[in-house]
Structure formats: structure tokens, C-alpha cells
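Only the coordinates and a few stated rules stand behind these numbers; no lab work does. None of the values given here were measured: they were computed from a predicted structure. Backbone-built Cβ (ideal geometry, glycine too); neighbour counts: all protein chains shown.
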Amino acid sequence: MKIKFWVLICTFAVAIFFMVSCGAQPAPNNAAVVTPQTQAAADEAPAPQPVADTAQEAATNPTESETTPAEEAAEEITLRVMDNWGGQTDSKGPPLQAAFDDVMATYPNITVQEEVFGDHEIPVKVSTMYLAGDEPDIVLQNMHQSALEWLDDGVAVDVKGLAQEWGLYDQLKPEAIAEWTDAQGRLRAFPLEGYTWPVWYNTKILQEVGVEGIPQTTDELLDAAKKVRAAGYQPYATGGSDWTGQFDLFQILTTMLTDDEIRDLYSHGGWSANPNAVAGIELFVKLRDEGLFVDDVEGMTSATLNEMFFAEKAAFMHGGAWFFSELPEAVRDHVVLGGFPLPPNSVRKKPVIYASFEGKGLWITRNGAQKADAVEKFVKLFYQPKTMARFVEQAGMTSPLINTPVDDSKLNSLFVQTMQFGDKVEVALMHKIYVPAEIDENLRRVANEAFVPGTSAETIIANLDAVYEDMQ
């Protein structure tokens, strides 16, 4: 009996042993159970946060799955940036590339992939790519064409909260923020490129033909133009067939229009009903017909006008700060910058120039918002004073930051001239941000047609009215 009893006891013990050894084990607390639902959620989840942020989250959310710092550091992220500065064809190309290099050196897991297109191509291209879900993450672009509608269309995001959260809002110049803030209080993009857009005067040519100083009135300008022609030079170079001609026409109009009138006319039209607008168009026709512009101006472009002025074949041109670095050194010491001269009945007090911060903004798209951590790193580094200083020193760009320490010895002499304008010029309101996107191209066409000899003031006014009537 004792043997049978012990056999039974041993048998029972072995059975218990095998049940414990072979039975199902409970899952550890940190194991992830994959189901179709959790897999779908994982596929839609945002990219992992940086090590410091994830460590903090793990401390407060211990039930979440853990990721080692090494694994997070190894995560590769590509930021697609679209701009028109790349390819080293623009003076801002080198400092832009240096900024990209800084980002990739500081954050080895971030790769900046640049996509370069003309600034007039970018708005349509980005909007089209957005419809396919393939827009770039960051776009460097001005407020132009369909870009004005990007926030409403969901292409880009309001960055006001991000600028504040990232500590950049108070570092940006208030006037730059004001220009990039829309009527709803949204910050369209981080302000980037500030500029001045003065008239350039070749004083060597003017002195040669007997003109002292730079013209302050349109009568003085026409007199100088006649003397310049008589000496075998061309007078005022502009691109009558492209955007430069459009801006010259509209700059001439600013001598006759108040800022309020500019805002209203370019937003809603009503040209023929505004006496100052009619007088401005009549002034333009007078200047054109009396020989202010270069020969065959209706066929000129931005490239050909620069070539003519830089080769000292033309005495005047209207050029933005983005061209400062392109002027040959041999010419730079006798080029003086100023405003467009005023007619006798002008509403302005000083010759007018354009100056603005709308030259370029850093937009964050819908896709970029989904890479918030990498975009934050990029933007914070991009807006460091040393980065902005490169743009100022190498390209004559006006920095959007309140404080941008620069090496004065590296500044372009033309840029220095703009810093010394003081009360010598008056800044006129830029029309561009008030033009509805749907009529932008038609408005440019009408402006270019105005340079065609024989086009009357009445025709130009009627064409301007028609553009806005078609919109309605």
C-alpha cells in the first residue's frame, strides 16, 4: 500500500510539472498584440518623437511600447523643400545650400531634398501636387497667384502657433509678421526675404551726357532720357514682355495713387472711375511715347534688361535687391539707387520705391505638418541669426529677424545704399498681395500690352476694367 501511495504521489507531481511547463504563458506587460485594428492605427501613427520627448512620454505613459534611443536616432526622414533659389543660379543659392548642409550635419537622420522651379511656376505646381497628395514639405515662395489661397485650400498650415511655440514669433520684425498675417489673423508662412526695389541710375553715363545728380521729377527724367539717347545710350531698361514691365507700370501709377487707393483698385477694380488712376495711366503713356523706355521695350525681359544695364548700355533700370550681387564690380562704384521721380501733381512727397518682406516666406504644407518634429528642427536652425546673416552678406537680403549681427565689411555696397535712404524716398504699397489669384495672369497681360507703341490710355484703362469685370 505504501508503494502504491508513493507511486500515486509521484505520478501526480509529474503531471503538475508538465502542466506548468507546457501550458500557455501570460504575455509580459510591455508586449504589443498586433491586430488588424492596431496595425492600421500603427500605420497612421505619426513618426516617432525625438529621444528626449519619447523618454519623457515613457515616464508618464509606461504602458506604451518602448523604443530605444539608438532606434530613434536611426530613423531616416526626408524633407522635401521647393524653392527658386537653388541650382546656384540665384545669389541666395549658396547661403541656402549652406543652411541645408547645416541641417543635415546637425541632424544626420534628416535629408533635405531640394526641388527647384521658377517662382511663377511654384504656386500652380504645389497646388497640383497637393491634389495628388504629393506636395513638398516646405515651400519657399512669395505671396503670389494661388499661394494666396493655400491656407483656405488646406495646402499649407497657419504657422502663427508654431512660431510662438518654437520661440520665433518675438524674434521676427513686427512689420514682417504684419505683411504675412491675413485678414483672419493667420500667419501664412514664416517671413523670410525682405527687399528693397529701387531705381538704379548709372551716374557715369549721366555725367557724360551733362546730367548732374539723379532725376527727382518726371520732367527731369525725360530730359535725362533725351540726352542719354542723343549720346548713343539707351535710357530706362525694363521688361515690357514679362513681370518686370508690369511692376514698372504699376510703380509709375503709385506716384498718383494713395496706399488706400492701391489697396482698393487692385482688390476690386474700378479704374475708369478713379481720376488718380486715369491720371497715372496717362502719365505712363506720356513717358512711353516721349522715349523714356529702351527701344523695342515691348519685347524686353528681365534677363535682357539686366544684361543691357550691366553692360552700361542703358542709364536706368528698376531692379530689386536680389540683383545686387550680380552687378559687375567695375560698374558698382558709379551706380546710385533712388526712387522713381514724381510728376508735378503727385500724391507722394518723395520719389517712390517698393520695399517689402513678402519677397519670400517659408510655408509649411499639409505634408510638412505630418513631419512636425523634423520641420521644427529645420525651421529653428534656418532662422538662427548666423544663417540669416549669410543671406544678408552674400545676397543683400533684408533679414526678417529683429537682430541679425553681420560683418559690415562683407555687405554689398548697393545694400548699404538702401540702408542710408532715410527720408530720401517714400515706400509705396505693393499691389501684388491684393490682386485676386484668378486674374493675376490677365492683369499681367494687360500691363504688358500697355508697352506696345500706340496703345492709348483709354484702351489700357478699358482693359484694366475688363479684367475685374470678368472676375465678377
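Pairwise Cα distances in the range 232-345 exceed 21 Å for 42 percent of all pairs.
Distance between the modelled labels on Lys313 and Glu290, one decimal in nanometres: 2.6 nm (7 Å Cα→Cβ projection). According to the square roots a ≥ b ≥ c of the eigenvalues of the Cα gyration tensor, what is the shape class of the range 381-451, taking rounded for a/c under 1.5, prolate for a/b larger than b/c otherwise, and oblate for the remainder? It comes out prolate by the Cα gyration axes.
Would you mind classifying the range 328-472 by shape? Square roots of the alpha carbon gyration tensor eigenvalues, ordered a ≥ b ≥ c; an a/c under 1.5 is rounded, otherwise it is prolate if a/b is larger than b/c and oblate if not. It comes out oblate by the Cα gyration axes. With unit charges on the beta carbons (Lys and Arg positive, Asp and Glu negative) and the dipole taken about the Cα centre of the range 370-418, which residue among Val379, Val392, Val416 sits farthest to the positive side? With unit charges placed on the Cβ atoms, the residue in question is Val379.
Go through 464-470, 179-185 and give me the packing order, highest mean Cβ count within 10 Å leading. Don't jump to the answer; show the numbers that get you there.
Working: 464-470: 16.4, 179-185: 13.7.
Per-residue mean Cβ counts within 10 Å order the peptides as 464-470, 179-185.
Taking amide H as placed 1.01 Å from N in the peptide plane, the amide H of Glu115 sits under 5 Å from that of Val81, Met82, Asp83, each at least 5 places away or on another chain. Approximating the spin labels as points 7 Å out from Cα along Cα→Cβ, the Asp264-to-Gln420 distance works out to 4.0 nm. Close amide H contacts of Asn142 (hydrogens built in the peptide plane, cut-off under 5 Å, sequence separation of 5 or more or a different chain): Gly361.
Here the dipole of the range 269-350 is about 540 debye; that uses its Cα centre as origin and unit charges on the Cβ of Lys and Arg (positive) and Asp and Glu (negative).
Sequence-ordered 3J(HN,Hα) estimates for the range 373-381 from the Karplus curve with 6.51, -1.76 and 1.60 and θ = phi - 60° stand at 5, 5, 5, 4, 4, 4, 5, 4, 5 Hz, glycine and proline given as x. Sequentially through the range 124-133, phi angles give Karplus couplings (6.51, -1.76, 1.60; θ = phi - 60°) of 5, 5, 5, 4, 5, 5, 4, 4, 8, x Hz, Gly and Pro residues having no value and appearing as x.
Maximal additional length on extending the Asp470-Asp407 stretch stands at 17.5 nm, based on 0.36 nm per residue less the C-alpha distance.
Work out, step by step, the length gained on full extension between Tyr169 and Ala132: first 0.36 nm times the residue separation, then minus their alpha carbon distance; give nm to one decimal. Before the final figure, lay out the partial values.
On the way: separation 37, 0.36 × 37 = 13.32 nm, distance 3.21 nm.
Once the chain is fully extended between Tyr169 and Ala132, it gains 10.1 nm.
In debye, nearest 20, what is the charge dipole magnitude of the range 143-255 about its Cα centre with +1 on Lys and Arg Cβ and -1 on Asp and Glu Cβ, if you could check? Each step should come with its number before you reach the end.
Details: 8 positive and 17 negative charges, 84 e Å.
Roughly 400 debye for the range 143-255.
For the range 234-247, 3J(HN,Hα) computed residue by residue from phi via the Karplus equation (6.51, -1.76, 1.60; θ = phi - 60°) reads 9, x, 8, 8, 8, x, x, 10, 9, 5, 5, x, 4, 6 Hz, glycine and proline entered as x.
Compute the FRET efficiency between Ala330 and Ala273 as 1/(1 + (r/R0)^6), taking r as their Cβ-Cβ distance and R0 = 51 Å, and round to the nearest 0.05.
Working: r = 50 Å, r/R0 = 0.97.
Result of the calculation: an efficiency of 0.55.
The amide H of Gln234, built 1.01 Å from its N in the peptide plane, has Ala314, Ala315 as neighbours under 5 Å, considering only residues 5 or more places off or on other chains. Projecting the Cα atoms of Leu464, Val435, Phe451 onto the charge dipole of the range 415-472, computed from C-beta unit charges around the Cα centre, puts Phe451 farthest toward the positive end.
Note on Lys226 and Arg445: with the Förster distance fixed at 22 Å, the Cβ-Cβ geometry gives a FRET efficiency of about 0.10.
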